[in-house]
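Student: Here it is, the structure, as structure tokens.
The values are calculated or read from the model by the stated rules, or taken from the named source; none is laboratory data. These figures come from a predicted structure and were not determined experimentally. Because the Cβ atoms are built from the backbone with ideal geometry, glycine has one as well, and the counts that use them run over all protein chains shown. When the accessible area is computed, the model is the full protein with side chains, heavy atoms only, and any ligands, DNA or RNA have been set aside. Shrake-Rupley method; radii C 1.70, N 1.55, O 1.52, S 1.80 Å.
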Amino acid sequence: QVQLVESGGGLVQPGGSLRLSCVASGRIFSINPSAWYRQAPGKQREFVAVINSAGRTNYAESVKGRFAISRDNAKNTVYLQMNSLKPEDTAVYYCNTNPADAAYWGQGTQVTVSS
């Protein structure tokens, strides 16, 4: 059973930056597109960013130009660099494949953007 562990969240002021990491216990990220999702309080989980095996990326419109997804297959790790953070970015952030596999959802990492 593959497990995904997200980390790197925290409290940051508007305009600040954070770098999230997601480590997989297996090599799923070298095989499948890797993605980040988020869920804000009272809202459904939504797509944030994806990177495929060729390194091609795609982003939700709300984060384009501010977030960057990358991955290190040797480390079974996916990253999300988040810059120019806004209060509306506050959410629990999760990694998964794309499309998401229900069996892979982890605990996520909380990101709070507030002054």
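Student: Between residues in the range 29-40 that are farther than 7 Å from N98 by Cβ and residues that are surrounded by fewer than 16 Cβ atoms within 10 Å (Cβ to Cβ) and modelled with pLDDT of 95 or more, which pairs lie under 7 Å by C-beta distance while being six or more apart or on different chains?
Tutor: Correct list of pairs: Y37/E46; R38/E46.
Student: In the list A54, A35, A49, A74, which residue meets the criterion of being loosely packed, with under 15 Cβ neighbours inside 10 Å and outside any loop (DSSP other than H, G, I, E, B)?
Tutor: A74
Student: Going through the range 89-109 one residue at a time, which ones are part of a helix (DSSP H, G or I) and open to solvent by less than 20 Å² (accessible area, probe 1.4 Å)?
Tutor: Result: D89, single match.
Student: Right, next: Considering each residue of the range 58-71, count those that are surrounded by fewer than 16 Cβ atoms within 10 Å (Cβ to Cβ) and among the hydroxyl-bearing types (S, T, Y), and give that number.
Tutor: Residues in the range 58-71 being surrounded by fewer than 16 Cβ atoms within 10 Å (Cβ to Cβ) and among the hydroxyl-bearing types (S, T, Y): 2 in total.
Rundown of residues vs (1) under 16 Å from A91 (Cα atoms); (2) surrounded by fewer than 14 Cβ atoms within 10 Å (Cβ to Cβ); (3) within 11 Å of the chain's Cα centre (by Cα), yes/no style:
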{"site": "L11", "(1), (2), (3)": "yes, yes, no"}
{"site": "P14", "(1), (2), (3)": "yes, yes, no"}
{"site": "A24", "(1), (2), (3)": "no, no, no"}
{"site": "R45", "(1), (2), (3)": "yes, no, no"}
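Student: Give me the pairs: first residue in the range 93-115 and under 19 Å from A60 (Cα atoms), second residue part of a loop (DSSP other than H, G, I, E, B) and open to solvent by 60 Å² or more (accessible area, probe 1.4 Å), beta-carbon distance under 9 Å, and six or more apart or on different chains, which are they?
Tutor: From residues that are under 19 Å from A60 (Cα atoms), the pairs are Y94/R45; Y94/W105; Y94/Q107; N96/W105; A100/R45; V113/Q13; V113/P14; V113/K86.
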